[in-house]
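Below: the structure, in structure tokens.
The values are calculated or read from the model by the stated rules, or taken from the named source; none is laboratory data. Values in this document were obtained by computation on a predicted structure and should not be read as measured data. Methodologically, a virtual Cβ is constructed for each residue, glycine included, from the backbone with ideal geometry; neighbour enumeration extends over all protein chains shown.
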Protein chains: 2
Amino acid sequence: MTHIERKQREKEEIRQNIINAAIKIAANEGWHSVTIRKIADMIEYTPPIVYEYFENKDDLMKEIVYVGFDILNVGFESARKNEINSKEFLKAISLRQWNFAKENRELFQLMFSLERVVPNEKMKRQFELIEKCFHELAKNDEELVMEYMTNWVCLIQGAISVLLMLKLPPPKDRTIDEEAFFIKMIERFLNSIE
Amino acid sequence: MTHIERKQREKEEIRQNIINAAIKIAANEGWHSVTIRKIADMIEYTPPIVYEYFENKDDLMKEIVYVGFDILNVGFESARKNEINSKEFLKAISLRQWNFAKENRELFQLMFSLERVVPNEKMKRQFELIEKCFHELAKNDEELVMEYMTNWVCLIQGAISVLLMLKLPPPKDRTIDEEAFFIKMIERFLNSIE
DNA sequence: AAGTTTAATCTAACAATGTTAGAAAATATA
DNA sequence: TATATTTTCTAACATTGTTAGATTAAACTT
């Protein structure tokens, strides 16, 4: 029954190809110009094939968001192995998130676009991991944990959105080193704790 | 020649109706289901009329973003009249931005969506106004002005995105008073200055 | 006031999109 | 080799943004 497994693998491969094609198109031309036909073209199939693997376009998009969280989670997990104390870990995953956004702009856009709200399981697992750290830092004071963590999430999200995605300030001709600025902000926040 | 002015006014009114219709549809069904035909329906005209007032859909969207910044600017200007010192003013406009996002979710989405980057004049004027405050707070130390201001922008953007738009945390069943939390964060930030 | 010009609006189409039904081709099974 | 099943495609549908050209309404001229 080995050829059945091969088929399974091939199907899985096509599925992946569809997702990758969509991401690739988005990276080059933006999500608004990702179409089923372009995806089909890229994977050298006809459009209806996409519907063998995904219910519809929205479903495909949802799956792509999951892929994004998976990538992010892998980064987080590997950071956990390298860092000993909670503070270092938080600093590390802050940077991971920055780099993820930098290297996967389109994915970040989709995952945290203000329009489509995606409360998914993959995201929750991420938060649980991070929550543990804050429990340590806040010495299990539930109130404080909540406060620190929310603060941290807002800071990261805001900094990446503003500095990396929207590129709002600097107002004049001045330029700033966004990454250095980001790191400084994170450090200041973590130092302000305890 | 008074009837010519009336015509002018009527045209302006239709233009406004188009914009308002688009916002209304977005408020009810999201931006992705705003179509030219629905807009035309709502203002009781046929689709081509929209193109008498806007080059195309993207142009219409851009104008709607401007409307958003105008509303925000009005709020900022009026805050300036009420508050005496820079800190109070910054606190006030932080709250204005929060309330704007709360009352105009769709507009906020459009203005700060991570996909379409809109570096426009209306936005710049806003920043200039705010920059003055930070100049006062940072005692004209250019470096510090930059730092404070960027920090503030990130904080506001992040807090509103996370607490109000994405509604990411709280992780478990716990609920938090987002607005109280937001105010606390702003106060803490402003107090940390100087 | 009638005819003419100009402006405002609509009808009807186009190409591109998501999506689906059913045919055709390829593969597996007997 | 014949049949059943799976995979893939063709051809269509409705819905989108958009435009050209017809039609109607308004304004102007004499």
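Enumerate the helices (runs of 4 or more DSSP H) found wholly within region A:2-87, keeping only those where 3 or more residues are more than 10 Å from DNA strand C (Cβ to nearest atom) and surrounded by 14 or more Cβ atoms within 10 Å (Cβ to Cβ).
A:2-29, A:57-82
Any residue in region B:174-190 that is in the same structural domain as residue B:98 (by TED's automatic domain parsing) sitting within a Cβ distance under 6 Å of a residue that is part of a loop (DSSP other than H, G, I, E, B)? List the pairs, counting only those 6 or more apart or interchain.
B:176/B:170
Does residue B:99 meet the test of being without any contact (Cβ under 8 Å) to a residue 60 or more places away in the chain, exposed (fewer than 14 other Cβ atoms within 10 Å of the Cβ) and within 13 Å of DNA strand D (Cβ to nearest atom)?
No, not satisfied.
Which of the numbered conditions does residue A:107 fail, given that it passes all the others? Conditions: (1) of a type in the set (A, V, I, L, M); (2) modelled with pLDDT of 90 or more; (3) closer than 17 Å to residue B:162 by Cα.
Among (1) of a type in the set (A, V, I, L, M); (2) modelled with pLDDT of 90 or more; (3) closer than 17 Å to residue B:162 by Cα, residue A:107 violates only (3).
From A:9, A:80, grab the single residue that is among the charged types (D, E, K, R) and more than 18 Å from residue A:129 (Cα to Cα).
Answer to the selection: A:9.
So how many residues does region A:177-193 have that are surrounded by fewer than 14 Cβ atoms within 10 Å (Cβ to Cβ) and outside any helix (DSSP H, G or I)?
Summing the residues that are surrounded by fewer than 14 Cβ atoms within 10 Å (Cβ to Cβ) and outside any helix (DSSP H, G or I) in region A:177-193 gives 1.
Which is away from DNA strand D (no atom under 12 Å from the Cβ), polar (S, T, N, Q) and in contact (Cβ under 8 Å) with a residue 12 or more places away in the chain, of A:73, A:56?
A:73
Evaluate region A:18-37: report whether one residue or more is within 14 Å of another protein chain (Cβ to nearest Cβ), away from DNA strand D (no atom under 15 Å from the Cβ), free of Cβ contacts under 8 Å to residues at least 40 places away in the same chain and charged (D, E, K, R).
Within region A:18-37, one or more residues are within 14 Å of another protein chain (Cβ to nearest Cβ), away from DNA strand D (no atom under 15 Å from the Cβ), free of Cβ contacts under 8 Å to residues at least 40 places away in the same chain and charged (D, E, K, R).
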